[in-house]
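The numbers here are math on the coordinates, done by the rules we state, and not lab data. Remember, predicted model here, so these are calculated numbers, not experimental data. A quick note on method: Cβ atoms are made from the backbone with ideal geometry, for glycine too, and the neighbour counts reach across all protein chains shown.
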C-alpha cells in the first residue's frame, strides 16, 4: 500500500493540530513534502511511532541519507541545521551509546535531584520579577516565565557565562523556525557553531563545576573521548532541547488549566495531582510537533505503507499523543482524570530523551509555585486566539498573554 499525494507541511505552523488531523486522515504514516520540495514521511500513529522509534532500520545519522551524501540536498536547505550537528541524536549504535553515556553522567536521578534548589531559586526569582506588573496588566507569561526558566536552568547546569547566554541559545530558536530561508538557515549554522566553539574554548580555559567542564574532562579518559565537533554538537543539542521544548510544555499546562477551570478545580480539590496535569499536558500538547529526521536504511513496511530506502522520516509527536486509536474519541481533549495518559513526547527506544527527568522536575516545581503565587491568574485572550509559534517543528504559542491578579501573601 502506498500513501496518497504528499501533504505539503505548512512552514508557518499556522494550526498544528488541524494539520495533524489532516495528516492522520491519510493514515498513521503519511507522505509529506518538506521545504525545498524534499519528499518524506510523517508518522502520526502511536503504534506506528513505537515501531519506527525502536527499529534499527531507521537511522539518525545523516551520513546514512544517500540524497544528502550524494549532494542532492544543498548546503542551504532550510532544515540543514538538523543534518550538521554531531551529537548523540545524529549518531547510531556504538557511537550513539558512547556519546549518550558521557552526557548521561549529568542526568542521573541523583544529579537531577541535586538541581532542585537551583530550579526553586530560579522559579522564585522569576515570580518575584512578575510582581512589577499590576494585577490587571497584560503580560506575556511565556516570555517572562516559561521561556527564561528552562533557559536559565540549562545554562547554569552547563556553566554558560551570563554574557554568552543570549548567543548560546539564539541558534536553537532559529533552528526550529521553519519560516527561515535556506540561506538564513545556512548562516545560522555557521554562526551558531562559531558561538558554541568559543563557549567550549572558554570553558576549557576556565573549567568549573558544570556539565560542559565535565564533558571536556571526559575527553581525556581512555575510550571516552569527545572530538571538538562532538563537544560543540552536544552543546547544540543540550542547550537547544533543554530550553525550546520545556518552555512549550510549561506554557501548554498553564493554558490547559486556565482555559478549563473545571480541571483546575479538580486539582485544587485533590481529585487529580500535578503529575496528572503534567502527563496529560505532555500527551495532548507534545512540545515537538514534527521532529526531523530519521532515514530508512532499506524498504520498511509501517502500518501498511512502504517507506522506501533513503526516505527521510519525521516523528509527528503532537499527532501521536492525540491518536484516537490509543485514547479514544476524546484524544484531543485535555482531561487530567484520564486513566491512560500514555504518550511518546519524550520519544521511545534508544533515543529516549535523556532530559526527561529534569523536564518533569522543572514542571513539578514551576507549576505549583506559579499558581500558589498567583491564584487568580487568568488568560487575557481566549485560548483559541493564541498565536502559533511560527514553525511546523515545535508545538507552541508565540506568546501567552495573562493577567496575574493579586499575588498571594503565602509563598509556596
Contact order relative to length of region 7-403, as percent, for alpha carbon pairs under 8 angstrom and 6 or more apart: 28
Spin-label pair residue 194/residue 217, simplified geometry with 7 Å Cα→Cβ offset, distance in nm: 3.2
Peptides 32-45, 378-391 ordered by average Cβ neighbours within 10 Å, highest first: 32-45, 378-391
Relative exposure of 20, 273, judged by other C-beta atoms within 10 Å (fewest first): 273, 20
Estimated FRET transfer efficiency (residue 301, residue 8; beta-carbon r; R0 22 Å; 0.05): 0.35
Fewest-first sequence of 5, 155, 353 by Cβ atoms within 10 Å of each Cβ: 5, 353, 155
Computed over region 276-380: relative contact order in percent, which uses C-alpha pairs under 8 Å that are six or more apart: 28
Distance in nm between pseudo-label sites at residue 94 and residue 70 (7 Å out along the Cβ direction from Cα): 2.9
Structure-based [θ]222 nm, the chain - -39500 (n - 2.57) summed over DSSP H runs of at least 4, per residue, nearest 500: -14000 deg cm²/dmol
Ranking of 374, 7 by count of other Cβ atoms within 10 Å, fewest first: 7, 374
Euclidean distance between Cα centres, region 118-170 to region 362-412, Å: 14
Solvent-free Debye scattering, log10 I(q)/I(0), computed from the Cα coordinates of region 360-412 at q = 0.15, 0.20, 0.21, 0.29 Å⁻¹: -0.57, -0.86, -0.90, -1.03
Packing rank of 200-208, 400-408, 280-288, where each peptide gets the mean count of other beta carbons within 10 Å, highest leading: 280-288, 400-408, 200-208
Approximate spin-label separation residue 39-residue 325, in nm, with each point projected 7 Å along Cα-to-Cβ: 2.3
Cβ-Cβ FRET estimate between residue 187 and residue 406, R0 fixed at 51 Å, reported to 0.05: 0.65
Three semi-axes of the equivalent ellipsoid, the chain, Cα gyration tensor, whole Å, largest first: 32, 28, 19
At 1.002 mPa s and 20 °C, Stokes D of region 1-141 from Kirkwood alpha-carbon radius, µm² per second: 110
